[in-house]
Structure formats: C-alpha cells, structure tokens
Protein chains: 4
Amino acid sequence: MASERREHLVRLAAELFAQKGFQATTVRNIADEAGILSGSLYHHFDSKESIVDEILSGFFDEIMASYRAAIDRGQGPRETIAALVRAAFDTLEPHRAAITVMQNDWSYLRGMERFAYLTKAEDEIEEMWAGTIRQGQRQGLFRADIDATLTYRMVRDTIWMAVRWYRPGSGLDPKTLAEHYLKVMFDGINIH
Amino acid sequence: MASERREHLVRLAAELFAQKGFQATTVRNIADEAGILSGSLYHHFDSKESIVDEILSGFFDEIMASYRAAIDRGQGPRETIAALVRAAFDTLEPHRAAITVMQNDWSYLRGMERFAYLTKAEDEIEEMWAGTIRQGQRQGLFRADIDATLTYRMVRDTIWMAVRWYRPGSGLDPKTLAEHYLKVMFDGINIH
Amino acid sequence: MASERREHLVRLAAELFAQKGFQATTVRNIADEAGILSGSLYHHFDSKESIVDEILSGFFDEIMASYRAAIDRGQGPRETIAALVRAAFDTLEPHRAAITVMQNDWSYLRGMERFAYLTKAEDEIEEMWAGTIRQGQRQGLFRADIDATLTYRMVRDTIWMAVRWYRPGSGLDPKTLAEHYLKVMFDGINIH
Amino acid sequence: MASERREHLVRLAAELFAQKGFQATTVRNIADEAGILSGSLYHHFDSKESIVDEILSGFFDEIMASYRAAIDRGQGPRETIAALVRAAFDTLEPHRAAITVMQNDWSYLRGMERFAYLTKAEDEIEEMWAGTIRQGQRQGLFRADIDATLTYRMVRDTIWMAVRWYRPGSGLDPKTLAEHYLKVMFDGINIH
DNA sequence: AATGAATGAGACTTCATTCAT
DNA sequence: CATGAATGAAGTCTCATTCAT
C-alpha cells in the first residue's frame with residue numbers, strides 16, 4: 001500500500017506544495033517532477049486532495065504523539081512548556097514541507113469537509129498548551145496577568161511561521177531556535 | 001483617479017481575498033458581490049492582480065509611514081519598540097483584509113515580479129526593528145544573548161498572525177493585544 | 001454630416017487599421033488616438049464597420065472614376081493600359097491606408113454582406129483591364145499567347161502589394177514605380 | 001513528436017486559418033472541425049499561436065530549401081530565375097493554406113516577437129533573388145535600367161497573391177501559371 | 001459632444017480527472 | 001504502471017456596443 005514509489009511521490013508533491021502553494025501546484029507539476037504523465041498519478045492517488053491529506057495527516061499524527069508524550073511525562077508546567085516548544089521546533093526540519101503547507105494553505109483547506117480533522121486537532125492542541133500555562137499560573141510560576149489562550153496562540157504562530165524563513169544548514173538549527181525562543185518567552189528581552 | 005466606485009470595489013475584493021484567498025477568489029465572485037458582471041470590473045482595473053496590488057500597496061504605504069514616524073520620534077529603544085508594536089497592532093483593524101492576504105498569499109505573490117516591492121519593504125522594515133533592538137542591547141537595556149533579527153521575526157510573525165484569529169468586537173481590541181504582547185515580550189511569562 | 005471632426009476620426013482609424021489590421025484594431029485604440037473615450041465614437045459612427053466602410057468606399061469611388069476616365073479617353077490599348085497603371089499607382093500615396101486595409105483584410109471583409117459592393121467593383125474593374133488587353137491582342141499589339149485575365153490579376157496584385165513596402169519619401173515615388181512597372185510589363189526584363 | 005493526430009489537427013487548422021484568417025478563426029472552430037472540445041487542443045499545442053507557427057515554419061523551411069537548391073545548381077541567371085519562379089509556383093498547391101495565411105495575416109503576425117524569423121527568412125530570400133537578377137544584369141542578359149530589388153518584390157508579390165484566386169482543378173495548374181509568368185516577366189506583353 | 005459605467009457575448013487557456021490501450 | 005487522448009467545468013480577460021447624465 002504505502003509503496004516506496006508512492007512515498008517518493010508524496011515527498012515530491014509536498015516539496016512543490018510548500019514552494020508554490022497547494023492551489024498553484026498543478027497535478028502536472030507533480031507528474032513532471034516525477035517524470036511521468038499527469039494521468040499516471042491517478043494510479044497512486046485518487047485525487048490531488050488525497051495527496052495533501054497524506055502529507056498533513058502524517059505531520060499531525062506525529063506532532064500529536066510528541067505533545068501527548070510531553071504532557072504525559074508529568075513534569076512541572078515550566079518543564080512541560082519547554083518540552084512542548086522543543087517538540088514543535090523538532091518537527092521543523094523533518095516536516096518542513098507539511099508545516100509550510102499548513103501555514104500557507106490553511107484558510108483554503110480549512111474550508112473543506114475532508115480536512116475538518118485539522119481543526120479538531122488544533123483545538124485539542126490548544127487545550128494542552130493553554131491548560132499547562134494555566135496550571136503554571138495557579139502554581140505561581142507564570143504571571144497571572146497574561147491570557148493563557150492568547151499566549152499559546154502567539155507562541156504557536158511564532159513557531160510555525162519560522163518555517164517561512166528557516167533554511168536548513170544556515171547555522172541556526174531548530175534546537176538553537178527553540179532555546180532562543182524559550183529564553184524570550186520565559187524572561188523577556190529586558191534586563192531587570 | 002481613485003473614484004468612489006473604484007474604492008468600493010477594492011474593499012469588496014479585499015474582503016473576499018481575505019476570506020477565501022487570492023487564487024480561490026474569482027473575478028466573478030468579486031463582480032457578483034458588487035452586483036455587476038465580471039467583465040465590467042475591467043472598466044476599473046486592468047487585472048485581478050492590479051486589485052490585490054492596490055490593496056497591499058495601500059497597507060504597506062501606511063505601515064511604513066507609521067514605522068518611520070515611530071523611529072523618527074527619537075525616543076529610547078524601549079519606547080521605540082513599544083511604539084512599533086503598537087503601530088503594528090493599530091493596523092490590525094483597518095487593514096485586516098490586507099494583512100490577511102499578505103499572510104495567506106505571501107508565497108504566491110512573492111513569486112511575481114510585480115510584487116517585488118513587498119520584499120523590499122520587508123527588508124527595510126526588518127532593518128528598522130532589528131536596528132532598534134541592537135541599539136537597546138548596546139545601551140544595556142535588552143539582553144545581549146538574544147539575536148536581534150531572530151527576535152524581530154518572531155515578533156513580526158506573532159503580530160500578523162493574530163489576523164487569523166482576531167475578530168473585531170470580541171472583547172480583545174488591538175490595543176489590549178498590543179499591551180499584552182509587550183508585557184510578554186519585555187518581561188516574559190515567568191515570575192521572578 | 002461629413003464634419004471635419006468626423007473626417008479626422010476616419011483618418012485616424014484608417015491609419016490604425018492599416019498598421020494593425022481591421023480586426024486587431026479596437027474601437028478603443030481609435031478613441032485613444034483621438035483623445036476621447038471609446039463610447040464617444042458612437043456619436044459619430046454607428047459601428048466599427050461603418051468606419052471601415054467609409055474608408056474603403058472613398059477609395060473605390062475614386063479609383064473607379066479614374067479608371068473610367070482612362071477608358072473613356074478612347075486611346076489605343078497600349079496607352080490605355082499605361083493610363084490604368086498610372087492611375088493605380090497614383091492612388092498609392094493618397095489612399096495608402098485604404099489600400100492596405102483592402103489588401104490585408106480583404107478575406108475577412110469579403111465575407112460580409114455589407115461589403116458585397118467591393119466584389120462587384122472588382123469584377124467591373126477586371127472587365128475594364130482584361131477587355132483592354134484583349135483589344136490589344138486583337139489589334140496585334142500584345143502577344144496572343146498570354147491570358148488576359150491572368151495577366152490583369154498579376155498586374156493588379158503587384159500594384160496593390162506595393163503598399164506593403166512602399167514608404168513615402170524613400171526616393172521611389174509612385175510615378176517612378178509606375179514607369180518601372182510599365183517597362184517590365186511591356187517589354188520584360190530580357191535584352192533581346 | 002509530430003504524431004499523426006497532431007499533424008491532422010495542424011492541417012485542419014491551416015485550412016480554417018486560410019479561409020477565415022488567423023484572428024477570425026477561433027480555437028473552438030478548430031476543435032469543432034476535429035470533433036473534440038476546444039480545451040482538448042491544448043493537449044497537443046501550447047497555444048493558438050504555436051499552431052500557426054508550425055504551419056508557417058513548415059512552409060518556410062521547404063521553400064528555403066528549394067530556393068537554395070536552385071541557387072546551388074549553379075546555372076546561368078536566366079535559368080536560375082526560372083528555377084526560382086517554378087519553385088515558388090510549385091509550393092502553391094501543397095502549401096496553399098500556409099501561403100494564404102502568410103499573405104493575409106502577415107501584418108498581424110509580423111508584429112509578434114515569435115515570428116521574427118519570418119522577416120529574417122524574407123530578407124535572405126530577397127537577397128537570393130535580387131542577387132541573381134543583378135548577376136544577369138552584369139552579364140548583359142537582363143536590362144540594366146530596372147531595379148533588381150524592386151523587380152524581385154513585384155515578382156514575389158504576384159506569385160504569392162495568386163493564392164487568393166487560384167483554385168486547384170480549374171484548368172490552370174501551377175506549372176502553367178509559372179510558364180505564363182516567366183513569359184511575361186522575361187519578354188513582356190508587347191509584340192516587337 | 002463627451003463621460004463613465006455597464007452589458008453580454010465570446011475569446012484563449014488551465015486543469016483535475018477519466019479511460020481505453 | 002504508464003501513455004495518450006480527451007472531457008468538462010471554470011477562469012481571466014477583451015471588446016463592440018449602449019445609455020443615463
């Protein structure tokens with residue numbers, strides 16, 4: 001089922017979707033890249049949508065698993081948040097294309113029944129993060145005068161947006177980015 | 001030049017582009033919204049691109065002016081950064097559609113010669129922000145162990161992404177968001 | 001009726017039709033050239049076709065008159081043919097645009113009911129020329145082994161086609177062209 | 001590359017372009033003639049232009065080869081000119097459609113970058129013919145008081161224009177036309 | 001006379017998808 | 001597994017023309 005050929009095609013498609021956007025990438029673009037004719041792609045997939053579905057669901061499955069593991073480790077809120085941030089940044093490299101598609105074509109894909117699961121996953125994730133932040137506030141670790149959900153969204157957006165300018169092998173690896181981000185997030189840029 | 005009719009059409013188009021994306025919005029969608037035939041739009045604009053151009057350049061012109069004013073006020077780095085953050089959040093409401101388009105269709109539009117000016121403006125803006133941060137570091141106001149450019153990008157992304165979930169009249173107005181963001185940015189979420 | 005303004009517009013249109021072809025010239029091209037809006041042209045003409053009609057019928061009226069005068073002068077066949085050739089070349093300058101349109105858009109315009117008169121005029125003209133040639137053959141002035149109609153057509157095509165490369169003020173004026181052509185036509189390029 | 005299907009479509013298109021003109025022929029006309037939908041044509045060709053390109057370049061390639069062969073045979077100027085005239089008339093039947101398009105849509109096509117090669121080929125051809133005429137003048141075979149280029153143009157125009165009225169199977173075949181034309185061209189219509 | 005807005009028909013082209021071979 | 005041909009729907013844009021002002 002998940003033959004090597006098929007996976008190869010998915011990877012090619014993912015790269016193109018990331019570069020040009022889902023809509024702007026034609027089935028023919030993908031086929032050209034693979035050196036076959038566009039009609040031949042339909043031996044492997046039943047639609048263009050099913051390709052992007054495969055790309056996105058693969059990513060979401062993995063990030064959800066990572067997040068759950070971080071939560072289930074049962075550490076303190078500060079450590080859990082750090083683990084979540086690191087887990088997110090860790091996907092930047094292996095799932096660069098998927099994240100890019102998610103960011104760029106979100107508003108288009110969200111509108112489709114087929115991708116309702118994306119919104120559901122998002123909600124679940126929001127609850128994990130915001131819950132952890134609120135826990136930290138109750139324990140007196142995080143300031144009480146910030147809004148947990150708002151803060152989560154800002155963190156989330158910042159991380160995923162990094163995919164737009166992050167280039168592998170440019171000195172800044174995802175681990176460094178994660179630590180940098182944690183620093184600012186926990187303590188701000190001010191010197192006290 | 002900018003007749004009332006024309007401006008009205010631009011506003012309608014902006015709203016649709018923001019809702020469905022530039023590519024997914026058809027010229028007919030816009031015309032329908034305006035109650036005219038699609039061909040009639042070409043009495044006012046040369047092309048679909050020229051409409052989005054008008055939307056984006058209007059936004060960029062204004063934000064650049066605000067940023068320059070904040071810089072030129074010649075206050076300290078902390079006040080200047082705060083002013084920049086507030087200026088950005090202040091555009092959230094009047095330019096919601098333009099910002100959404102910029103965020104969602106960036107990768108598509110960037111590829112086009114016509115929109116090269118967007119990248120140029122972005123570079124100029126990056127220099128304003130990062131320069132101010134570096135100034136603050138030299139003056140011992142901001143931590144030396146953060147990367148100015150990286151920090152700017154994170155801030156920028158966070159602000160513009162707000163457009164994806166921000167809904168006017170939902171209690172959280174842009175001013176509140178700006179102050180919230182400044183708090184986290186300057187001092188972090190930790191309690192020291 | 002034939003106001004100066006109107007004639008001016010016809011001249012502008014003729015020039016454009018000659019340059020780009022009737023179909024490729026838009027009503028807006030003409031209006032632009034005149035410095036007005038395309039709709040305003042309809043104050044002067046009821047259609048694009050009526051403009052080209054005016055251009056062509058003006059030319060045909062004149063050439064028919066010239067030809068008839070040449071025939072009616074009642075000279076010998078050789079002089080009459082020379083007079084016809086000269087009459088044709090004489091229109092090259094004043095009716096350059098009309099001739100160009102006739103040549104380039106002939107096949108398109110011929111298909112239209114409105115321009116049936118063009119074909120009728122052509123037939124009448126063919127009869128004048130071919131008749132004169134045949135007369136010359138009967139009088140032993142022209143070779144008997146050439147086809148009168150065929151010869152006429154070759155002459156006609158050659159003359160009108162000159163409009164494609166003839167440029168006023170390039171040394172070769174229409175009178176010179178006519179004499180050159182008559183030389184070749186009467187005696188050939190051989191030296192006997 | 002040049003599949004049978006494709007060649008068939010090109011032939012259909014050529015016929016239509018010849019009948020109605022390039023601009024007046026719609027892509028749908030061609031598709032209708034072929035019994036397919038207009039969009040399906042784009043499986044075979046990139047554009048309407050590329051179809052006419054194929055038609056014209058096919059013709060030009062062949063005529064250039066014929067002309068070069070006539071020149072390279074190294075005969076005297078009189079024989080060479082006769083060979084050129086015959087070569088041209090010989091294309092009348094097999095390339096009737098292409099020649100018609102070239103004649104009728106010349107001014108439109110010439111304006112396009114893509115068809116710059118047409119003008120270049122024309123220049124090369126002019127040089128072949130005019131060169132041969134001049135050679136004949138130097139050898140005392142052709143009259144010195146005619147302009148070589150001018151004469152070439154008149155001959156060329158006459159030959160190609162024949163396509164407008166020539167109908168295969170009407171008694172006058174291209175070979176007869178060629179001999180008729182050579183007679184007039186070499187010796188004129190006068191009896192000396 | 002001219003403007004400004006719009007119509008309506010139709011042009012070329014794109015593209016996801018299907019299917020017989 | 002892949003090709004080659006085609007479909008069918010839709011998209012952007014053009015343009016002659018109309019008409020109230």
Rounded to a whole number, what % of the accessible area of the protein assembly as shown do carbon and sulfur atoms account for, probe 1.4 Å? 49
Check cross-link reach from residue D:183 to the lysines: straight Cα distance under 21 Å, and skip same-chain residues fewer than eight apart. C:183, D:175
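With contacts defined as alpha carbon pairs under 8 Å and 6 or more residues apart, what's the relative contact order of the range B:52-187 in percent? Before the final figure, lay out each step's value.
Details: 86 pairs, mean separation 47.1, N = 136.
Dividing the mean separation by the residue count of the range B:52-187 yields 35 percent.
Pick out the long, greasy-scoring helices in chain C: whole DSSP H runs spanning 18 Å or more along their own axis by Cα, mean Kyte-Doolittle at least -0.5. It would help to have the intermediate numbers written out before the result.
Numbers: long enough: C:4-20 (24 Å, -0.64); C:48-72 (36 Å, 0.22); C:77-91 (21 Å, 0.23); C:96-110 (19 Å, -0.35); C:116-138 (33 Å, -0.94); C:148-165 (27 Å, 0.11); C:174-187 (20 Å, -0.24).
Both cut-offs are met by C:48-72, C:77-91, C:96-110, C:148-165, C:174-187.
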Chain pair B, A: how much accessible area is buried, both chains summed, with a 1.4 Å probe, in Å² to 100? 4300
Kirkwood-Stokes translational diffusion coefficient of chain D, alpha-carbon pairs, 37 °C, 0.692 mPa s, µm²/s: 181
With every protein chain in place, what's the accessible area of residue C:123 (1.4 Å probe, Å², nearest 10)? 90
For a label point 7 angstrom out from the Cα of residue A:15 toward its Cβ, which stretches of the range A:21-47 have the backbone nitrogen within less than 13 Å? A:30-35
Quick one: net charge around residue D:134, please, counting Lys, Arg +1 and Asp, Glu -1 for every other residue with C-beta under 11 Å from its C-beta. -1
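From the P(r) of the protein assembly as shown, can you give the percent of Cα pairs sitting at distances over 43 Å?
Working: 150520 of 294528 pairs.
Of all Cα-Cα pairs in the protein assembly as shown, 51 percent lie more than 43 Å apart.
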Taking a probe of 1.4 Å and leaving out DNA, RNA and ligands, the protein assembly as shown shows per residue an accessible area in Å² of 45
With label points set 7 Å from each Cα along the Cα-to-Cβ direction at residue B:75 and residue B:90, the distance between them in nm comes to 1.1
What does the helix-only formula give at 222 nm for the protein assembly as shown: each DSSP H stretch with n ≥ 4 adding -39500 (n - 2.57), the total divided by the residues, and the result rounded to the nearest 500 deg cm²/dmol? -23500 deg cm²/dmol
Give the separation of the Cα centroids, the range B:46-103 to the range A:161-191, in Å. 24
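The values are calculated or read from the model by the stated rules, or taken from the named source; none is laboratory data. Note that this is a predicted model, so its numbers are computed, not measured. With ideal geometry, Cβ positions are generated from the backbone for all residues, glycine too; neighbour counts draw on all protein chains shown. Side chains included, ligands, DNA and RNA excluded: accessible areas come from the protein's heavy atoms. Shrake-Rupley method; radii C 1.70, N 1.55, O 1.52, S 1.80 Å.
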